[in-house]
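The values are calculated or read from the model by the stated rules, or taken from the named source; none is laboratory data. Bear in mind the structure is a predicted one, so any value in this text is a computation, not a measurement. Here the Cβ is made from the backbone with ideal geometry for all residues, glycine too, and neighbour counts use every protein chain on show.
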Amino acid sequence: MALAERSVKSARRLPAARHPREFYVKRVAEIMAVRKRGGVPLALVRTYGCQQNVSDSEKLKGLLAQMGFSFTDDAERADFILFNTCAVRGHAENRVFGNVGALKDLKRRHPSLIVAVCGCMMEEKSASQRIESKFPFVSLVFGTHVLHRFPQLLWTVLTDSRRVFERGDEQEDAHIVEGLPVRRGGRVKAFVTAMYGCNNFCSYCIVPYVRGRERSREPDAVLREFRGLVQAGYKDITLLGQNVNSYGKNLREPVSFSALLRRLDAVEGDYRLRFMTSHPKDATRELIDTIAAGRHLCRHLHLPVQSGSDRVLRAMNRGYTREKYLAFVEYARKKIPGLSLTSDIIVGFPGETEEEFRETLDLIRRVKFTSLFTFIYSPREGTRAAALPDPVPAEEKTRRLQRLCAEQEKIAAARCAGEVGRTYRVLVEGRNPRTGLLCGRTEGNEIVNFPGGDGLLGRFAQVRVVSAQGWVLRGEAVPDR
Ligand code: SF4
């Protein structure tokens, strides 16, 4: 019987799984084969937010593939639709509610369609309650801590007449489940999670509440996955963690992040190694020395500064000062010539004055970041900053964001103009559909477009920069030296 025809109860906590994951994987595959009368069930997985969510979706897709699903981008053809959500900004949350709501009519026309919502947002009580009450056609809701139990949860939806809402508990938060299948998004770039969660409680950030405390994977497990990717031919591998350079502190035998990087860098092969996101308070000189000495480590550091004002940094609970940040950048630039620095900046933090905003503008002029991710402060329920008085009007925050972006554009344009005539080793990631040019990325994460044949796709190429239009580089392939 189709789910929509059943009387639906809610299940808030499921009993612990009575069978291993493989049992549920097999059962779901059998049930879906019967429902599809031998045809292949199709899943649509939509991902919001950061690379960690992209990486989680790759695991969910791996599990779906084990359960016999193929994938589609067409909601009309899907038997199962999963939204993997992000809780970091209110705007992203509203988009999720809008997109889930838009499925109401589809569910009416295809009653057997199963709609599920998972991810960080579903670890927030208010968001999961809203899904429960406003969208009765959503059958399955689960949080980040129970991702490994997805087959059991889906099996319960398919076999029992109830909606399932599962957020896991603290015990589940304490250990990391290894060995989940991964269906990667491509054959050139890949993510490897080094650690989960965050202990920092920056006053504006919801992540520690929805992703839990820091848990690091054993270095051998990271190394195994990493080596497998290099051997499979992946060329650009990014180590992930909400606070990746705090890696290893909570292991039984603590290992520093730099030590982990050195172990990975020793793997033979033709590839690049990146990592994100690093916290300035955990950025050590040892880390810089490790990048400087590395064979595969990109000369690129994403180091979110968030603000150039000490008062705002204190209110954000960031744990460093502007001077410390600038001193670290100076050391890093001295040790690694050509280092590319990128960053995140929040404007309009509660109570940010014009003077404090100007300190941020001054900081970006000094550092000359390659690129910036810029955001207007978004209050998150339950965080400390959400309770602060915020007298700055929304229009003023928008103006500050525009001023910040305009300043960064000038900086990026000047830097790009200085790149003309230089030759870079770029990894060719694809073709620009508008211009037909190949798109390559330098180790500093800058994009260079250049003419060339399909044989270069997914490979490294030497490219000389011939012109810069704003922050877009244009180049030509030159022979390997
Ligand atoms: S370091 Fe701060 S901003 Fe980053 S995830 Fe942790 S709490 Fe959030």
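Residues are listed down the side, and each one gets a yes or a no for (1) closer than 26 Å to Leu44 by Cβ; (2) not hydroxyl-bearing (Ser, Thr, Tyr); (3) not assigned by TED's automatic domain parsing to the domain that holds Asp344:
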residue	(1), (2), (3)
His145	yes, yes, yes
Ser203	no, no, yes
Phe226	no, yes, yes
Leu240	yes, yes, yes
Arg252	no, yes, yes
Worksheet item: So, of the residues in the range 160-208 that are within 16 Å of the ligand (Cβ to nearest atom), of a type outside the set (A, V, I, L, M, F, W, C) and modelled with pLDDT of 90 or more, which turns out to be farthest from the chain's Cα centre (by Cα)?
Response: Ser203
Worksheet entry | Verdict on Phe275 being in contact with a Leu (Cβ under 9 Å, 6 or more places away or on another chain), farther than 25 Å from Gly458 by Cα and either at pLDDT 95 or above or away from the ligand (no atom under 16 Å from the Cβ) (or both) | no
Fill in: Matching residues, the range 329-353, being more than 16 Å from the ligand (Cβ to nearest atom) and of a type in the set (Phe, Trp, Tyr)
Tyr331
Practice prompt. Please state which one of Gly38, Gly68 is within 17 Å of Val157 (Cα to Cα) and part of a loop (DSSP other than H, G, I, E, B).
Written response: Gly68
Worksheet item: From the list Leu260, Leu239, which residue is farther than 30 Å from Glu352 by Cα and part of a helix (DSSP H, G or I)?
Response: Leu260
Discussion item. Of the residues Leu223, Leu251, Leu239, Leu229, only one is under 18 Å from the mean Cα position of the chain (by Cα) and either farther than 30 Å from Ser126 by Cα or away from the ligand (no atom under 16 Å from the Cβ) (or both); which?
Written reply: Leu239
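Results for (1) in a helix (DSSP H, G or I); (2) in the same structural domain as Gly294 (by TED's automatic domain parsing); (3) surrounded by fewer than 17 Cβ atoms within 10 Å (Cβ to Cβ), shown as yes or no for each residue.
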position	(1), (2), (3)
Glu396	yes, no, yes
Arg399	yes, no, yes
Glu409	yes, no, yes
Ala413	yes, no, yes
Val428	no, no, no
Arg434	no, no, yes
Gly444	no, no, no
Asn449	no, no, no
